[in-house]
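Have a look at the structure below, then the notes.
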Amino acid sequence: MTRTTRLFQLMQALRSGTPPRTSVDLAQDLGVSARTIHRDIDALRSLGAVIDGEAGFGFTLIEDATLPPLGFTDDELEALVLGLREVELIGDPALSAAAGAALRKLQGRLPQRQSHRLSHAILAATRFDRPAAPTIEVAALRQATWDERAVEFAYTDVKGAQTFRRVNPLSIVYMDRSSVLLSWCHLRRDFRVFRLDRMSEMAVTDESFRPQRVPLLRTALERIRAERAEDCGPDA
């Protein structure tokens with residue numbers, strides 16, 4: 001392995017792993033010694049890479065516009081194209097537009113051979129029946145979920161009954177025929193799922209539930225898995 005190749009692989013390892021990455025972990029990934037990792041970290045820093053940390057504590061790559069572009073294998077590129085095209089089909093309007101823009105940016109920054117491969121990819125995604133269109137501004141709901149702020153909205157159930165809810169939004173799930181919000185409902189004091197096409201009059205509140213989103217989401221998913229396993233039975 002040439003030194004240039006090793007430096008590039010080290011950049012990839014710093015990007016792909018959960019920071020901070022220790023020199024021991026990085027050395028195992030690249031098949032070199034921890035001493036070599038320390039020398040290569042110094043070399044990358046001298047080339048302009050912004051790498052935080054030090055020996056004994058681990059290293060974190062701080063992305064910067066001056067860094068060389070992240071490379072993709074052909075399989076990784078196929079996966080990205082397929083995923084983004086799927087998002088174009090099932091995402092809310094803002095997310096769908098963002099997926100298309102991401103594809104165009106990706107094509108413009110790839111080497112010529114891979115740019116051609118992206119334009120003529122053999123994989124495609126299609127939906128004959130798209131999920132029902134949301135009746136709220138999903139971009140605002142996504143931001144509230146990231147910010148861990150409670151939201152309020154009117155909700156109409158399958159029987160036509162309407163209630164007013166305040167929930168802690170945990171995750172938005174794009175399913176085959178509908179998109180749903182997984183949340184903690186203040187009214188029911190339990191986890192609830194709401195279809196985005198049955199929500200209206202949504203407003204983001206000033207009530208913060210940080211840092212509860214991740215543990216709440218983990219508990220909700222564990223409950224869903226347990227209920228599914230129980231429904232399927234031991235022979236499923």
Requested in this report: Keeping to segment 185-204, report how many residues are in contact (Cβ under 8 Å) with a residue 40 or more places away in the chain and not in a strand (DSSP E or B).
Outcome: 3
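If only one of Glu222, Glu227, Glu207 is open to solvent by 60 Å² or more (accessible area, probe 1.4 Å) and in contact (Cβ under 8 Å) with a residue 24 or more places away in the chain, which one is it? Full working, then the answer.
Details: Glu222 fails: in contact (Cβ under 8 Å) with a residue 24 or more places away in the chain; Glu227 fails: in contact (Cβ under 8 Å) with a residue 24 or more places away in the chain.
Answer to the selection: Glu207.
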Report task. Within segment 1-36, track down each residue that is hydroxyl-bearing (Ser, Thr, Tyr), in a helix (DSSP H, G or I) and surrounded by 14 or more Cβ atoms within 10 Å (Cβ to Cβ). Result -> Ser23, Thr36
**Report entry** Any chance Arg166 is basic (Lys, Arg) and touching a His at 6+ places or on another chain (Cβ under 9 Å)
**Finding:** yes
Query raised in the report: Do you know which residues across segment 37-46 are more than 12 Å from Gly58 (Cα to Cα) and crowded, with 17+ Cβ neighbours inside 10 Å?
Result: Asp40, Leu44
Report summary line: All conditions in (1) surrounded by 15 or more Cβ atoms within 10 Å (Cβ to Cβ); (2) modelled with pLDDT of 85 or more; (3) closer than 30 Å to His116 by Cα are true of Ala49 except (2)
Report task. May I ask you to list pairs of residues, at least six apart or on different chains, whose Cβ atoms are under 8 Å apart, with the first in segment 12-36 being more than 17 Å from Gly56 (Cα to Cα) and touching a residue at least 40 places away in the same chain (Cβ under 8 Å) and the second being surrounded by fewer than 17 Cβ atoms within 10 Å (Cβ to Cβ) and not polar (S, T, N, Q)? Result -> Gln12/Leu70; Gln12/Gly71; Arg15/Glu63; Arg15/Leu70
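The values are calculated or read from the model by the stated rules, or taken from the named source; none is laboratory data. Only a predicted model underlies this, so the values are computations on that prediction, with no experimental measurement involved. FYI the Cβ positions are ideal-geometry reconstructions off the backbone, even for glycines, and counts take in every protein chain you see. Ligands, DNA and RNA are excluded from the accessible area calculation, which covers all protein heavy atoms including side chains. Shrake-Rupley method; radii C 1.70, N 1.55, O 1.52, S 1.80 Å.
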